[in-house]
Amino acid sequence: MIKAIISDFSKVLLFPKDKSYQGKLNALYRQLSQTPGYNIFQHFELNTELLNLYSTLKDQFALYMFTSDVIQDAPEVQLYIQSVFTKIFSASKININKKDVAAYKKILAELNLSGDEVVYIDDTSEYIQAATQAGLHTIQYINNEDLREKLSLKIQLPL
């Protein structure tokens, strides 16, 4: 039985406004945030539709975030995510790599959950493969509609 959902942040819940940008969002954030008067929402947009879906699920499931670095720590972003996620795991802060199966096992151990009790959502296939090898249910994020469809096969979604 699914007890928790772990979601990635970059390119699942946060996207660059420049649709042609293909690089890492944390690198772009670090570069842009050095600009005087920087406002994250001039360059990035939150996936509020998915964030709202997660909000409707937080009474049924524990919601966690597992992200590569620190972009989610931006104060403007925290206003939107802190009430949704119970805990945020940052690979860079806890010195693990999202490509490593051990990273997911470490998080499972900390949460005192088994892999079959968790759905992990990420846009990167390498991270999905590692999470799958760790025993988690996984969904590779493509878009909100696809995620909703795949997630509904694993849990009961609100109407």
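The values are calculated or read from the model by the stated rules, or taken from the named source; none is laboratory data. Computed from a prediction, not measured in an experiment: that's the story for all the values here. Every residue, glycine among them, receives a Cβ derived from its backbone with ideal geometry; neighbour counts consider all protein chains shown.
The residues listed here are Lys98, Lys93, Lys87, Lys106; of these, the one that is closer than 23 Å to Asp73 by Cβ, among the basic types (Lys, Arg) and surrounded by 18 or more Cβ atoms within 10 Å (Cβ to Cβ) is Lys98. Hey, among the residues in region 141-159 that are polar (S, T, N, Q) and part of a helix (DSSP H, G or I), which one's nearest to Ser7 (Cα to Cα)? Within region 141-159, the match that is nearest to Ser7 (Cα to Cα) is Asn144. Of all the residues in region 2-48, those that are among the aliphatic types (A, V, I, L, M), over 19 Å from Ile88 (Cβ atoms) and modelled with pLDDT of 95 or more number 1.
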